[in-house]
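Report on the following structure.
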Amino acid sequence: MIRVIGSFVSPYVRKVLACMNLKALAYEVDPITPFFGNDEYERLSPLRRIPVLTDGDVSICDSSVICAYLDDAYPDRSLLPASPKDRARARWLEEFADTRLGDVFIWALFYQKVVRPLVWGEPTDEARVTKALSEDIPQALDYLERELPSDGFLFGDIGLADIAIASFFRNGAYAGFETDATRWPVTAAFVQRALAHPSIASLLPFEDVQRSVEIKHRRQALLDAGAPLTSETLGVREPRRGYMKL
């Protein structure tokens, strides 16, 4: 059984799980956040990043490396398009999502408005949030508006690049952001289509539980919701700081 370590709410974990859903792979999840991982978690992920994937004797960190492994190890239903040019473009758009959208939607918005107050008891950096909303996010969406298709997905069927991009908008929504469909109609419609795809939409009930239930009751609530959880967890009760990727 493939095991994925990481919270359902993480955009990087969501990307991996959605790609595994596309491939119809069975898996179990240990839904911890990187702040609450024990020493074994740090051994598996020395940068304290999620997700981590284990498959037999293989242990892999970083969502992009994991998705590349999944395509190599389980080639049915490729996550990338067929032509070299399209594959290169898909990889670039995944990289743009993981880096630029990760910076503006996660570290400048979701982390500031959700994680800092809830996990660390620290105030939101309002100046950083304001800059993200007024400058950085609009700039990123201007770029996507030129790159995304007006209907369907980037390369025919939904794939890795589509999932990687759309995933960050869900975390943006959790922090109160909504794409202005008047200003960015192509992007707004694309994100709506991608998030509605069963590979991603099927994860939403588990995300809702992870966001709404107290941590001491969360595991049972996830099981009650049908989440495929591991029998044991690498989580701890007290958060630990470190170099982390949500």
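Numbers below:
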| quantity | calculated |
| --- | --- |
| Tabulated pairs, segment 109-129, first under 21 Å from Ile32 (Cα atoms) and touching a residue at least 60 places away in the same chain (Cβ under 8 Å), second assigned to a helix (DSSP H, G or I) and aromatic (Phe, Trp, Tyr), C-beta under 9 angstrom, 6+ apart or interchain | Phe110/Phe168; Phe110/Tyr174; Lys113/Tyr174; Val114/Tyr174; Val115/Phe35; Val119/Phe35; Val119/Phe36; Trp120/Phe35 |
| Lone unmet requirement of (1) at pLDDT below 95; (2) open to solvent by 40 Å² or more (accessible area, probe 1.4 Å); (3) touching a strand residue (DSSP E or B) at 6+ places or on another chain (Cβ under 9 Å); (4) within 24 Å of Thr99 (Cα to Cα) for Arg193 | (1) |
| All positions within segment 158-174 that are part of a helix (DSSP H, G or I), over 22 Å from Thr130 (Cβ atoms) and either touching a strand residue (DSSP E or B) at 6+ places or on another chain (Cβ under 8 Å) or without any contact (Cβ under 8 Å) to a residue 60 or more places away in the chain (or both) | Asp162, Ala166 |
| Some residue of segment 28-37 being modelled with pLDDT of 95 or more and either surrounded by fewer than 19 Cβ atoms within 10 Å (Cβ to Cβ) or β-branched (Val, Ile, Thr) (or both) | yes |
| Selection within segment 175-190 - buried (at least 17 other Cβ atoms within 10 Å of the Cβ), aliphatic (A, V, I, L, M) and not in a helix (DSSP H, G or I) | Ala175 |
| Test: Ala24 is of a type outside the set (Val, Ile, Thr), surrounded by fewer than 21 Cβ atoms within 10 Å (Cβ to Cβ) and within 17 Å of the chain's Cα centre (by Cα) | no |
| Only one of Asp30, Asp57 that is under 15 Å from Ile2 (Cα atoms) and free of Cβ contacts under 8 Å to residues at least 12 places away in the same chain | Asp57 |
| Total residues in segment 133-154, condition open to solvent by 50 Å² or more (accessible area, probe 1.4 Å), of a type outside the set (D, E, K, R) and assigned to a loop (DSSP other than H, G, I, E, B) | 1 |
| Residues within segment 196-224 that are part of a loop (DSSP other than H, G, I, E, B) and more than 19 Å from Val16 (Cβ to Cβ), tallied | 2 |
| Selection status of Gly121, at pLDDT below 95 and small (Gly, Ala, Ser) | yes |
| Selection from segment 229-246 of residues that are surrounded by 16 or more Cβ atoms within 10 Å (Cβ to Cβ) and either aromatic (Phe, Trp, Tyr) or modelled with pLDDT of 95 or more (or both) | Leu229, Thr230 |
| Neighbours by Cβ (under 7 Å, 6+ apart or cross-chain): first from segment 175-200, over 25 Å from Thr130 (Cβ atoms); second modelled with pLDDT of 95 or more and open to solvent by 70 Å² or more (accessible area, probe 1.4 Å) | Val186/Ser150 |
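The values are calculated or read from the model by the stated rules, or taken from the named source; none is laboratory data. In this text the structure is predicted, and so the values were computed from the model without any measurement. Positions of Cβ are backbone-derived with ideal geometry, glycine not excepted, and every protein chain shown enters the neighbour counts. Note: accessible area is taken over every heavy atom of the protein model, side chains too, but ligands, DNA and RNA are not part of it. Shrake-Rupley method; radii C 1.70, N 1.55, O 1.52, S 1.80 Å.
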